[in-house]
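Here is the structure we will look at.
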Amino acid sequence: MPNRFYTFVGGNAGRWRVDDIKSVVGHGVEPVSHVEIINENLAEAPSQATWLLRGVTSNQRYTSRSELDSLKAVQPIIGRKEATCAAFIPITKSLAWWELAQDERREIIESRSTHIATGLRYLPAIARRLHHSRDLGEPFDFLTWFEFAPSDTSSFDELVEALRETEEWRYVEREVEIRLILDQK
């Protein structure tokens, strides 16, 4: 079984060079020059690390069978050669969000905010992977990772703008956007 744990290491070394860090909602993270993704749950920070954020991949919690099949049909893999741009977006949602029942959250996510349908419009240009962190005691609930070719940057900008305008995003109380470029040295 593949390891589902991931650690995002922000510091002065890593494969991904930071192009920009901005706090979208709430407070940000310490500035760093690079981010490395390690497919394990690091117990200790490497010497070059300023921060670690951990998450685990999981099942698709809010998707119907038809949505899941549609996503699988067009979802590209992470690590494509042409995908030299990335966005790492840690997100925390409010207590009001977590007090909703799962079916109520599903209603907001897809029926009213069309989160999945919106994302599907940008596949396969933008690869994405969601990491759950809330139950790990991490400072963010979700760690979202997106990869795309430089020519698809405007499509990614459209995607995040569309998602941030939805009812679902009214529940976001902390969001940081870290734009990255693959360091091909």
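The values are calculated or read from the model by the stated rules, or taken from the named source; none is laboratory data. Since we're looking at a predicted model, the values are computed, not measured. Using ideal geometry, Cβ is built from the backbone for each residue, glycine included, and neighbour counts are taken over all protein chains shown.
The table below lists the values:
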{"quantity": "Enumeration of residues in region 85-142 that are touching a residue at least 40 places away in the same chain (Cβ under 8 Å) and on the phi > 0 side of the Ramachandran plot", "calculated": "Thr114"}
{"quantity": "Tabulated pairs, region 150-176, first of a type in the set (A, V, I, L, M), second at pLDDT 95 or above and part of a helix (DSSP H, G or I), C-beta under 9 angstrom, 6+ apart or interchain", "calculated": "Leu163/Trp169; Val172/Trp97; Val172/Arg164"}
{"quantity": "Subset of region 117-142 that is exposed (fewer than 15 other Cβ atoms within 10 Å of the Cβ) and charged (D, E, K, R) - its residue that is farthest from Ala87 (Cα to Cα)", "calculated": "Asp135"}
{"quantity": "Single residue of region 129-179 satisfying the filter (assigned to a strand (DSSP E or B), of a type in the set (A, V, I, L, M, F, W, C) and at pLDDT 95 or above) that is farthest from Arg17 (Cα to Cα)", "calculated": "Val172"}
{"quantity": "Hey, Thr114 more than 25 Å from Gly10 (Cβ to Cβ), at pLDDT below 85 and buried (at least 16 other Cβ atoms within 10 Å of the Cβ) or not", "calculated": "no"}
